[in-house]
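The values are calculated or read from the model by the stated rules, or taken from the named source; none is laboratory data. Bear in mind the structure is a predicted one, so any value in this text is a computation, not a measurement. A quick note on method: Cβ atoms are made from the backbone with ideal geometry, for glycine too, and the neighbour counts reach across all protein chains shown. Note: accessible area is taken over every heavy atom of the protein model, side chains too, but ligands, DNA and RNA are not part of it. Shrake-Rupley method; radii C 1.70, N 1.55, O 1.52, S 1.80 Å.
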Amino acid sequence: MSPEKTRTSLLIKGGHLIDPVARIDAPMDVLLKDGRVAEVAAPNKIKGGADEKFDARGLVVAPGFIDLHVHLREPGQVHKETIATGTAAAAAGGFTSVCTMPNTVPVVDSVEWVEWLRQPERGAVVNVFAIAAATRASKGATLTDFRALQTAGAIAVTDDGKPILDDSIMREALVLGGELNFPVVATRRRHAHDENCCMHAGARSFRLGLRGMTAAAEASVVERDVQLAMHIPNARLHVAHLSTGRRAQECAPRPARQSARYCEVTPHHFTLTDEDMRDYDSNYKMNPPLRSKSDLEAILAALADGTVDAIATDHAPHAAHEKEMEFERAAFGITGLETALGLAITRLHREKHIPLARIVELFTAGPARCFDFRGRGSLVRGSIADVTIFDPKKKWTFEAAKVAVKIEKHAVRWLVADGEGCGHDRWRKNRAFRLIGVPATIFDKDAIMRKLESKLADAGRGSVVGVFGVRAGGASGRGHVDFRRFSVQDRGDKIRLHALAGLA
């Protein structure tokens, strides 16, 4: 973008628009103006000019992807992730909005922390929406101030990682949430017999000699919370990271219900089972754990038939030393922002023949419906101009060996791109996965320059000397790219930092 001219309009031409809300699955041109969708029309039917045009021929144009469940680790756990690095990963995966969970250090349970997360100083490059704690310090004893948190910008509440065990507290949360139209996110319930359990209870855990978590224990939280919500007018219950067949059945739609019940599924739970786990490989340790083949088939069926509302990554990065240890002691969690779309297209569309329009719905209209995001999840006229563009046929390789770069204590964490596509995972070293579907996000070069200059200045290191873009086809791209390259000068020596996709 030229510094003397500010872009106010963009015409996306020649793409195939998929907008489940508008029931559009056809070639369309989209005009964006002043941050909103100004017009959607058949190819070459939009009259008048635009400050800039983007050629989307051969690409799918969709509403901006929304991830309802990520762990950006701030405040307090910057050795794992930061809002800046996590949102860069989100942009790389095609997400324009993410919802960050509150189980940080300290817990996000106050207006002050919600406001802190939203400050420009955090360096977010996509929209960040805070999910606040449902109880103080997530101890399950006293509800937080839902009304004040909602006014401050929180979009839901949960005690993720420490679910509410007291029935009366959970009932009170659902009642208050119903009064405020404020979603309450339910997570898996920990039982006494779950202590020291680290994977799914099945033949695989028996062979490895590891204590397993039963599917029944996980399903119990859904059964209780669904029963509570059914009897509370206007309750908004959202079930996080559904992973078992029983949980899918509990979330199945029922007619004439007073409450609104929604659920999400993660890419790793529709891709892997416990039998895929390599011996004592902590990369496969997550919570909820990878389940059985029958559970996976039930999840796939729920994704196809509309039971599941959203795909959410549960992006949960850890420092390498927290994963590279004995399986029982290693941290739960896996990253997912960069690979979610590729896995969905590969596993759901290519292998299971789920329509691409349904997959787009799971990333857009479905998440927007779960948390009542007004103006997002669709590209109807007047909507917020969040757009994700991707190539559903592009094959690329996830190469975990190409990992983040750190400048002293300041994590830069860009991805390394090689023209065939790439990915990042902090601990999956020297392994590659072939995926289909490369996201591209429109971004502003000058904005990137300013953000990087600010980050490096804060770290006391160097300056940005250039930002360059190359489109997927190899042609030069001016501001709109599938791949971008940063050149950062650090104490006289150039460090090349490469990244996949762009910034929203």
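Against the definition (modelled with pLDDT of 70 or more, in contact with an Asp or Glu (Cβ under 7 Å, 6 or more places away or on another chain), outside any loop (DSSP other than H, G, I, E, B) and under 18 Å from residue 163 (Cα atoms)), how does residue 237 come out, yes or no? Working first, answer last.
Values: modelled with pLDDT of 70 or more: yes; in contact with an Asp or Glu (Cβ under 7 Å, 6 or more places away or on another chain): yes; outside any loop (DSSP other than H, G, I, E, B): yes; under 18 Å from residue 163 (Cα atoms): yes.
Yes: the conditions hold for residue 237.
Report, by residue number, each residue of the range 17-46 that is under 16 Å from residue 390 (Cβ atoms) and either open to solvent by less than 20 Å² (accessible area, probe 1.4 Å) or not in a strand (DSSP E or B) (or both).
Hits for the range 17-46 are 17, 18, 19, 20, 28, 30.
Residue-wise test of (1) open to solvent by less than 10 Å² (accessible area, probe 1.4 Å); (2) part of a strand (DSSP E or B).
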| site | (1), (2) |
| --- | --- |
| 48 | no, no |
| 62 | yes, yes |
| 68 | yes, yes |
| 73 | no, no |
| 78 | no, no |
| 81 | yes, no |
| 89 | yes, no |
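Given the criterion at positive phi and not polar (S, T, N, Q), identify the matching residue among 336, 306.
Values: 336 fails: at positive phi.
Answer to the check: 306.
Are any residues in the range 333-357 under 20 Å from residue 243 (Cβ atoms) and surrounded by fewer than 18 Cβ atoms within 10 Å (Cβ to Cβ), and if so, which ones?
351, 352
Mind counting the residues in the range 142-176 that are modelled with pLDDT of 95 or more and open to solvent by 50 Å² or more (accessible area, probe 1.4 Å)?
Of the residues in the range 142-176, 9 are modelled with pLDDT of 95 or more and open to solvent by 50 Å² or more (accessible area, probe 1.4 Å).
For residue 107, work out the one condition from (1) at pLDDT 95 or above; (2) over 23 Å from residue 171 (Cβ atoms); (3) assigned to a loop (DSSP other than H, G, I, E, B) it doesn't fulfil.
Condition not satisfied by residue 107: (2).
In the set 361, 328, 338, which member is touching a residue at least 12 places away in the same chain (Cβ under 8 Å), in contact with a Lys or Arg (Cβ under 9 Å, 6 or more places away or on another chain) and not basic (Lys, Arg)? Spell out how you get there, then give the answer.
Working: 361 fails: in contact with a Lys or Arg (Cβ under 9 Å, 6 or more places away or on another chain); 338 fails: in contact with a Lys or Arg (Cβ under 9 Å, 6 or more places away or on another chain).
Step by step, each of 361, 328, 338 is checked, and only 328 is touching a residue at least 12 places away in the same chain (Cβ under 8 Å), in contact with a Lys or Arg (Cβ under 9 Å, 6 or more places away or on another chain) and not basic (Lys, Arg).
Does residue 147 satisfy being in contact (Cβ under 8 Å) with a residue 40 or more places away in the chain, assigned to a helix (DSSP H, G or I) and not hydrophobic (A, V, I, L, M, F, W, C)? Quick ask: steps written out before the conclusion?
Numbers: in contact (Cβ under 8 Å) with a residue 40 or more places away in the chain: no; assigned to a helix (DSSP H, G or I): yes; not hydrophobic (A, V, I, L, M, F, W, C): yes.
Spelling it out, it is not the case that residue 147 is in contact (Cβ under 8 Å) with a residue 40 or more places away in the chain, assigned to a helix (DSSP H, G or I) and not hydrophobic (A, V, I, L, M, F, W, C).
Which condition breaks for residue 55 when tested against (1) in contact with a Ser or Thr (Cβ under 6 Å, 6 or more places away or on another chain); (2) open to solvent by 10 Å² or more (accessible area, probe 1.4 Å); (3) touching a residue at least 40 places away in the same chain (Cβ under 8 Å)?
So the condition that residue 55 fails would be (1).
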